[in-house]
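What follows is a set of notes on a single structure, which appears directly below.
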Number of protein chains: 2
Amino acid sequence: MAGMARWQPDARGRLEAAALELFRERGFEQTTVTDIAARAGLDKRTFYRLFGDKREALFSGGTLLEEILVKAVAETDTAPFEAVVAGFRRVADEIFADRLELVRMRQSIIESSPELQERELRKLGSLAVAVAAALRAKGVGETTATLATESGVTVFRAAFARWVAPGLDASLSDLIAELASELAAVTSGGSETIAS
Amino acid sequence: MAGMARWQPDARGRLEAAALELFRERGFEQTTVTDIAARAGLDKRTFYRLFGDKREALFSGGTLLEEILVKAVAETDTAPFEAVVAGFRRVADEIFADRLELVRMRQSIIESSPELQERELRKLGSLAVAVAAALRAKGVGETTATLATESGVTVFRAAFARWVAPGLDASLSDLIAELASELAAVTSGGSETIAS
């Protein structure tokens, strides 16, 4: 779910790319930090200066995602749910848009490991906490903040799942907008007509 | 989130009650299966015939919850989101209604342990999978089934959090109904007026 870090010829970017390659080639379990550092032409010490463990090399993009999302929610001057949806659309444009193949690769690695799936779920949980806090900081009541945030996360997850699935040629941002309308219809009892 | 098992003078019920008491008195980490069996006046062998490990003694009610919820969703002849909400209200009436103190006790034990929190999240995830499958079996499209289910889970979690918090005297079933309406308003852009 978290975005790939921006691709730069620096140590962090090289280690993330090497980790992704090796996890795909050998599997997550079979890859060591030594392997990752060697593939990146760096040493283990450099790896551990930048990441806590090998899982981290898959999840460091989450920090950037949270920053962009929280900033967008804080800046968007609309009703709470619309602000969260706008935030996820900005994340889609700034982090995911041109990286479908990388995201698919990362996703299949995560799906191969219950440990990575749990980490992903926990990251999403802490993302939701940060978004709800950003809404409350704008004066939104606690219950509304929770419902708007969780509904935004539902929309993002469903849009993301569609986007990474094969055979669909739509942008993530458009899918988010479409599913946000669909969620509103479904929860207002208008869903019988939208059995898509 | 899962309900306590029905209170019966059988081995399962006695072991669950003993586990709950000991987790509260000594903490989850500090309690052993031997302790639980001894408190229930039974032996370890009996414990392991009924539960995989000590965590299971807190989570076996989840199976009953899932059965009631899936059955209610399958039987309720309304739009998908309304069916999921009706299912959670039936669960509230049949499992939680008279057990606020027990549920609070269980909840504080779960909040004390990241391991138990992860288990709870995973249980909720598999509950959502079962509910979405029940909707699809009624002919509901995949996206609508996902959105209706996830929105129902959001409503249930928010209602549950309010219900177990101190100082509120409302039934869980009423809270679910109230928050379902609020979620529909929030996602339809009507949330500015409901900053509760």
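Annotations
- Only one of B:Leu124, B:Leu168, B:Leu116, B:Leu179 that is outside the structural domain of B:Arg24 (by TED's automatic domain parsing) and either of a type in the set (Val, Ile, Thr) or crowded, with 21+ Cβ neighbours inside 10 Å (or both): B:Leu179
- Residue within the range B:134-145 that is within 18 Å of A:Ser151 (Cβ to Cβ) and at the interface with chain A (Cβ under 7 Å from one of its Cβ atoms) present: yes
- Unmet criterion (only one of (1) hydroxyl-bearing (Ser, Thr, Tyr); (2) within 15 Å of A:Val73 (Cβ to Cβ); (3) within 8 Å of another protein chain (Cβ to nearest Cβ)) for A:Thr149: (3)
- From the options A:Ala86, A:Ala18, residue that is in the same structural domain as A:Thr154 (by TED's automatic domain parsing), over 26 Å from B:Arg119 (Cβ atoms) and part of a helix (DSSP H, G or I): A:Ala86
- Of the residues making up the range B:84-97, those that are under 20 Å from B:Ala170 (Cα atoms), within 14 Å of another protein chain (Cβ to nearest Cβ) and either out of contact with any Ser or Thr (no Cβ under 8 Å at 6 or more places or on another chain) or touching a residue at least 60 places away in the same chain (Cβ under 8 Å) (or both) are B:Val85, B:Phe88.
- Criterion: more than 20 Å from B:Arg12 (Cβ to Cβ) and either out of contact with any strand residue (DSSP E or B) (no Cβ under 9 Å at 6 or more places or on another chain) or buried (at least 18 other Cβ atoms within 10 Å of the Cβ) (or both) - qualifying residue of B:Phe47, B:Phe88, B:Phe51: B:Phe88
- In the set (1) touching an Asp or Glu at 6+ places or on another chain (Cβ under 6 Å); (2) closer than 22 Å to A:Arg162 by Cβ; (3) polar (S, T, N, Q), the condition left unmet by B:Ser173 is number (2).
- Residue within the range B:141-157 that is crowded, with 18+ Cβ neighbours inside 10 Å and among the acidic types (Asp, Glu) present: yes
- Per-region count, the range A:165-196, residues at the interface with chain B (Cβ under 7 Å from one of its Cβ atoms), farther than 19 Å from A:Ala83 by Cα and at pLDDT 85 or above: 2
- Answer residue from the range A:56-83, given it is assigned to a helix (DSSP H, G or I) and within 14 Å of another protein chain (Cβ to nearest Cβ) and is nearest to the chain's Cα centre (by Cα) among those: A:Val73
The values are calculated or read from the model by the stated rules, or taken from the named source; none is laboratory data. Not measured: the values here are computed from a predicted model. Neighbour counts are summed over all protein chains in view; Cβ atoms, including those assigned to glycine, are modelled from backbone coordinates with ideal geometry.
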